[in-house]
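Enquirer: The structure follows.
Read the figures in this text as sums done on the coordinates, not as results from a lab. The structure presented is a predicted model; accordingly, all values stated were derived computationally and were not measured. With ideal geometry, Cβ positions are generated from the backbone for all residues, glycine too; neighbour counts draw on all protein chains shown.
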There are 2 protein chains.
Amino acid sequence: MTPAFEPFEKIALIGIGLIGSSIALNVRAHGLARHIAISSRSDGTLRRAEELGLGDSYHGDAAEAVRDADLVILCVPVGACGAVAEAIAPSLRAGAIVSDVGSVKASIVSQMQPHLPDHVHFVPAHPIAGTEQSGPDAGFAELFQNRWCILTPVQPVDEAAIARLRAFWEACGSTVEEMTAEHHDRVLAIVSHLPHLIAYNIVGTAYDMEEVTQSEVVKYSASGFRDFTRLASSDPTMWRDVFLNNRDATLEVLARFSEDLSVLQRAIRDGKGEQLFDTFTKTRAIRREIIEAGQETAKPNFGRNKPPKKWDDESAS
Amino acid sequence: MTPAFEPFEKIALIGIGLIGSSIALNVRAHGLARHIAISSRSDGTLRRAEELGLGDSYHGDAAEAVRDADLVILCVPVGACGAVAEAIAPSLRAGAIVSDVGSVKASIVSQMQPHLPDHVHFVPAHPIAGTEQSGPDAGFAELFQNRWCILTPVQPVDEAAIARLRAFWEACGSTVEEMTAEHHDRVLAIVSHLPHLIAYNIVGTAYDMEEVTQSEVVKYSASGFRDFTRLASSDPTMWRDVFLNNRDATLEVLARFSEDLSVLQRAIRDGKGEQLFDTFTKTRAIRREIIEAGQETAKPNFGRNKPPKKWDDESAS
Ligand SMILES: NC(=O)c1ccc[n+]([C@@H]2O[C@H](COP(=O)([O-])OP(=O)(O)OC[C@H]3O[C@@H](n4cnc5c(N)ncnc54)[C@H](OP(=O)(O)O)[C@@H]3O)[C@@H](O)[C@H]2O)c1
Ligand SMILES: NC(=O)c1ccc[n+]([C@@H]2O[C@H](COP(=O)([O-])OP(=O)(O)OC[C@H]3O[C@@H](n4cnc5c(N)ncnc54)[C@H](OP(=O)(O)O)[C@@H]3O)[C@@H](O)[C@H]2O)c1
């Protein structure tokens, strides 16, 4: 935590699922705001947030939650951000920072910006951290630690608001980067959106096989398949919205993926052992780099085996 | 461990990488054989196995290692099994059980069987357990625990030899199933070979992107991409041999995968939100089943985050 962080008066979290609740836990743990106002669409989620003690006030009406807040963060699916922005706009206090956590950025900007009044500072954000789970129970304070948070500032750029939001995310344990919304969407298309699409697809293919039973897929999944089921168990609403809102970049990386796959397919068909070997060799280095960057565990099988003694000394996540 | 396991006199392990060394550690830990003879192609690997104390005798010559052995297990890449079988055949003792651990089975049978004398019992096997690492240092005794081992008996079926090998793998902590080599190869094509191919491919695609730098891929990999890098860091020789030797089944599941992917691609292009939502929903159940079957950890992110307190009570791998 940045020691000198000057707390916000009031933070309003609109949406209190995995990301919203993880932010709330950070705000509480590090004293990042004096008051946490929470809003969620459904009564059930709002009540659950209250039971978990995530906030100081709870509001069915998002517009009520943002009143007097000097920091407002939308933590709802990408496709819902426009409607939420419209609903809260009249109640936003002058000088408030309005942000979000959406996994797509250009679409968020075009959805939200038209509704926001000139007297607020809009700074879109995306914490590159998450799990396959959702809802207020899924959150935990450590989620953002050693992860990146990308800000995609919009015109007119407000340096003070950006600095303030940057300090907020740093206080949550993240390192902050800035880039354009368009570049963000291309980067995330390859590092996140395509991987999820492929994972959903391969699990679907296995699901529909006739010659191999579901129970065989489950039994023998430790030979590779299970790795894909984690991403493929992520929230369908969130991911529907990601693909609908980052269509072009996703389709572009998907086209490249398919081209590359055709090349591999042909190499297998033609028995080109050397070509396969070369392809499988060049992909190894990148994992080592990811481990060295602190973004992955070095333990074999992601550390899922009952660990033998000799792994104790090895570097962990 | 099966308490009544009658140890083998002498086990010969031809190949002492991840799988061979993990077998050796089990044989030692559970007293499954009175003597462990180890052979490896290279001096370096053989010496390393000796330093690790994996066996009782070490042989550059595989034929020498198998002399007097009543259990011989080939733990070399699939493509090398024919040549090894040919080399050891004249030295095999009458009544010996000859087995392997290859990830493909029909090809192993057609490579090995022609060389083996009638006086041995050939029982092909495949432990469905592994990691992305290789070599004698990668082995650990717990590898096979709560995993499946598939036997693919060949004609003439020798029930006594099968029962003996089954008991051996059970003593290593595995549950044993029998099926035909052809069915094995179809099952593994979808649960293991296609997942590895897809993982190698997506990592390769990311590697070759021009608009997104390597360092961006590394930094933001926690958003999904990193999950694929584990499989894609597996041994290139092993995987080249798998695809060369399970070509037809792999190409068949790959064709289905590509068809399914085209459907998803079109849904994204046409903005078919409901269809995307439905696809992303049906894939969730299978993960729950895999976790319930004890083949996967229930912890979010495979347990790679610094665990918050509340995860302590939750079920682990
Ligand atoms: N999950 C990740 O790994 C991850 C990582 C980084 C960024 N993100 C982004 O973070 C955002 C939230 O994701 P999450 O994982 O926290 O989701 P979540 O756990 O499913 O929570 C979603 C929240 O949004 C509300 N909501 C859902 N649909 C809504 C709608 N149509 N209108 C208004 N509110 C709605 C939900 O309210 P009710 O429960 O009351 O219906 C809930 O409070 C998304 O934009 C996502 O792209 C996610
Ligand atoms: N890794 C897995 O996850 C996994 C899981 C289940 C089954 N399998 C199967 O288990 C077998 C071994 O895999 P592994 O992971 O243990 O491999 P590994 O760690 O790479 O060890 C391979 C062993 O085979 C030897 N070898 C390599 N090429 C050879 C050749 N052309 N002729 C003779 N010996 C050769 C190596 O000898 P030198 O080091 O002396 O050259 C080494 O002893 C493969 O058939 C694989 O399909 C692997």
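Enquirer: For helix A:247-269, report the angle its Cα long axis makes with the longest principal axis of the Cα atoms of chain A; keep it between 0 and 90° and round to the nearest 10°.
Expert: The angle comes out near 10 degrees.
Enquirer: Moving on to the next point. With a/c under 1.5 counting as rounded, go ahead and sort the stretch B:184-302 into rounded, prolate or oblate using the C-alpha gyration tensor (a ≥ b ≥ c being the square roots of the eigenvalues; past the cut-off, prolate if a/b is larger than b/c, else oblate).
Expert: rounded
Enquirer: Using Cα pairs closer than 8 Å and at least 6 residues apart in sequence, work out the relative contact order for chain B, in percent.
Expert: It comes to 15 percent, rounded to a whole number.
Enquirer: Using square roots of five times the C-alpha gyration tensor eigenvalues, list the equivalent-ellipsoid semi-axes of the protein assembly as shown in whole Å, biggest first.
Expert: Working from the Cα gyration tensor, I get semi-axes of 52, 24, 20 Å.
Enquirer: Any idea what the A:Glu259 label distances to the other copies are, label 7 Å down the Cα→Cβ vector, nm, shortest first?
Expert: Output for A:Glu259: 2.6 nm, nearest copy listed first.
Enquirer: If you put +1 on each Lys and Arg Cβ and -1 on each Asp and Glu Cβ, how big is the dipole of the stretch B:184-302 around its Cα centre, in Debye rounded to 20?
Expert: Approximately 300 debye in magnitude.
Enquirer: Also, quick follow-up: Note the angle between two axes, namely the Cα long axis of helix B:159-171 and the longest principal axis of the Cα atoms of chain B, as a number of degrees from 0 to 90, rounded to the nearest 10.
Expert: Taking the Cα atoms of chain B, the angle to B:159-171 is about 60 degrees.
Enquirer: Give me the distance in nm between label points sitting 7 Å out from Cα along the Cα-to-Cβ direction at B:Ala87 and A:His119, one decimal.
Expert: The two pseudo-label positions are separated by 8.3 nm.
Enquirer: By how many degrees, 0 to 90 and rounded to 10, does the Cα axis of helix B:18-30 deviate from the longest principal axis of chain B?
Expert: For B:18-30 against chain B, the angle is about 60 degrees.
Enquirer: OK, next. Please express the Cα-Cα pair-distance distribution P(r) of chain A as a list of whole percents, one per 10 Å bin, running from 0 to the bin with the greatest distance.
Expert: 5, 23, 32, 22, 12, 5, 1
Enquirer: Ordered shortest first, which distances in nm separate the 7 Å Cα→C-beta label point of A:Ala293 from those of the other copies?
Expert: Values, ascending and in nm: 3.3.
Enquirer: Follow-up question, since we're still on this one. From the cross-link list A:Lys310/B:Lys10; A:Lys299/B:Lys306; A:Lys219/A:Lys282; B:Lys219/B:Lys309; B:Lys219/B:Lys306; A:Lys219/A:Lys272, which pairs have alpha carbons spaced over 25 Å apart?
Expert: Where the Cα-Cα span goes over 25 Å, the pairs concerned are A:Lys310/B:Lys10; A:Lys219/A:Lys282; B:Lys219/B:Lys309; A:Lys219/A:Lys272.
Enquirer: Another one. For the protein assembly as shown, what is the charge dipole size about the Cα centre, in debye to the nearest 20, if Lys and Arg each add +1 at the Cβ and Asp and Glu each add -1 at the Cβ?
Expert: 540
Enquirer: Can you compute the charge dipole magnitude of chain A about its Cα centre, using +1 on each Lys and Arg Cβ and -1 on each Asp and Glu Cβ, nothing else charged? Give it in debye, rounded to the nearest 20.
Expert: Computed charge dipole of chain A: roughly 740 debye.
Enquirer: What residue of chain A has the nearest C-beta to the axis that moves A onto B, and what is that distance in Å, given as a whole number?
Expert: Minimum Cβ distance to the axis, with residue: A:Phe302, 2.
Enquirer: FRET efficiency for A:Tyr207 and A:Ala94, Cβ-Cβ distance as r, R0 = 60 Å, nearest 0.05?
Expert: 0.70
Enquirer: What are the label-to-label distances in nm, one decimal and shortest first, from A:Asp68 to the same spot in the other copies, with labels 7 Å along Cα to Cβ?
Expert: Those label-point separations list as 8.9 nm.
Enquirer: Under a crude label model (7 Å from the Cα following the beta-carbon direction), how far is A:Lys309 from B:Asp137 in nanometres?
Expert: That separation, rounded to one decimal, is 1.9 nm.
Enquirer: Given the convex hull over the Cα atoms of the stretch B:9-179, what projected area results after averaging over all orientations, in nm²?
Expert: About 8.3 nm², averaged over all directions.
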